[in-house]
Amino acid sequence: MSTTYTLDTATSRANPTPAPLKRLTIPAIRRQKGQVPLVMLTAYTVRNAQLLDPHCDMLLVGDSLGQVIYGLPSTVPVTLEMMAAHGAAVVRGSYHAVVVIDMPFGSYEASPEKAFESAAWLLKQTSAAAVKLEGGTAMAPTVRFLVERGIPVMGHVGLTPQAVNVLGGYGARGRTPEEAAKIVADAKAVAEAGAFALVIEGVVEPIAIEITRAVACPTIGIGASVECDGQVLVAEDMLGLFDRTAKFVKRFEDLAAKISGAAETYADEVRSRAFPGPDQSYAPRAGTVD
């Protein structure tokens, strides 16, 4: 489901997606259940969206931006305004992928009505296609409430980072029969409530396989199982920008070393006056006086 193109304008009614490109839709994502695995990465900026979009079916504007962009200790302090600013940037930088935006902690838990107010505001501010929220059985009525009012919802079960203070950390979930049964029940409840896709994070593999076989919507694994209907990673993790990452992260590049090396070379050339050179300097026009 990936494509290749040259990006030159923003996506809007005034600057529509250039032919023959067409942004993927929520129904198209749902139809991928059991087909070629879906590809999702996080994106927080226009430029990252431009680079990732041709290769992804979905771009997730994750509340992980709290840690990745802002250096916060968890996702809990992230605000709706932060999500809106980055969500709008990602939509402007993409043509192909479905853009999903996280609802931050405190913006949806109080009631379905509060969730609708927050979600509607986010979609209006960003033009994203869908929202993602964490939680299982307790959040199923909220998922249904949103879907029935025209807001596509991606669910998120297993390790739910917004609940880190309750969970006591970021360890894998589902190691006891009781916890495993709860996660499976959570997934089924959210799927039956109308979620178009379901992120399964940080669970022992048999749980992810059971959920994937049990629910009608696509499952997106992160620290779950290769048998999920798709996979997601934080882009900065898979690009090797951080020294510490979770067990389930594979580094596909080592950009941290490359960026540090480029900065070192730049600093050396500045200090030795090798930069800027003639190619980076402006000469006076012929016939002018300095």
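Listed residues P177, P104, P141; which is open to solvent by 10 Å² or more (accessible area, probe 1.4 Å), in the same structural domain as A43 (by the TED database) and at pLDDT 95 or above?
On the way: P177 fails: at pLDDT 95 or above; P104 fails: open to solvent by 10 Å² or more (accessible area, probe 1.4 Å).
Checking each option against the conditions leaves just P141.
Within the range 110-134, work out how many residues are open to solvent by less than 20 Å² (accessible area, probe 1.4 Å) and either modelled with pLDDT under 95 or among the charged types (D, E, K, R) (or both).
Going through the range 110-134 one residue at a time, the tally reaches 2.
Report the residue count in the range 94-106 for those that are in contact (Cβ under 8 Å) with a residue 60 or more places away in the chain and over 12 Å from A128 (Cβ atoms).
So the answer is 2.
Out of E264, E269, E227, report the one residue that is in contact with a Lys or Arg (Cβ under 9 Å, 6 or more places away or on another chain) and more than 20 Å from A43 (Cβ to Cβ).
None of the other options fit; the residue is E227.
So which residues in the range 245-271 are outside any helix (DSSP H, G or I) and open to solvent by 80 Å² or more (accessible area, probe 1.4 Å), if there are any at all?
K247, K250, R251, F252
State all residues of the range 125-162 that are in contact (Cβ under 8 Å) with a residue 60 or more places away in the chain and part of a helix (DSSP H, G or I); if no residue qualifies, say none.
T126, P161, Q162
Can you tell me which of (1) closer than 19 Å to P152 by Cβ; (2) modelled with pLDDT under 90; (3) among the hydrophobic types (A, V, I, L, M, F, W, C) is the one A19 doesn't meet?
That leaves (1) as the condition not met.
When the residues of the range 186-220 are filtered to those that are among the small types (G, A, S) and open to solvent by less than 10 Å² (accessible area, probe 1.4 Å), which remaining residue is farthest from L41 (Cα to Cα)?
Pass one, the range 186-220, residues among the small types (G, A, S): 187, 189, 191, 193-195, 197, 202, 208, 214, 216.
From what is left, the residues that are open to solvent by less than 10 Å² (accessible area, probe 1.4 Å) are 187, 193, 195, 197, 202, 208.
Values: A187: 21, A193: 25, A195: 19, A197: 15, G202: 16, A208: 19 Å.
Looking at residues that are among the small types (G, A, S) and open to solvent by less than 10 Å² (accessible area, probe 1.4 Å), I get A193.
Give all pairs with beta carbons closer than 9 Å in which a residue from the range 185-212 that is of a type in the set (S, T, Y) meets a residue that is in a loop (DSSP other than H, G, I, E, B) and buried (at least 24 other Cβ atoms within 10 Å of the Cβ); count only pairs at least 6 apart in sequence or on separate chains.
Listed by first residue and then by second, the contacts come to T212/P218; T212/A224.
The values are calculated or read from the model by the stated rules, or taken from the named source; none is laboratory data. Keep in mind that this is a model prediction, so the values were computed, not measured. Note that each Cβ is placed from the backbone with ideal geometry, even for glycine, and that neighbours are counted across all protein chains shown. Areas reflect the complete protein model, heavy atoms only, side chains present, ligands, DNA and RNA absent. Shrake-Rupley method; radii C 1.70, N 1.55, O 1.52, S 1.80 Å.
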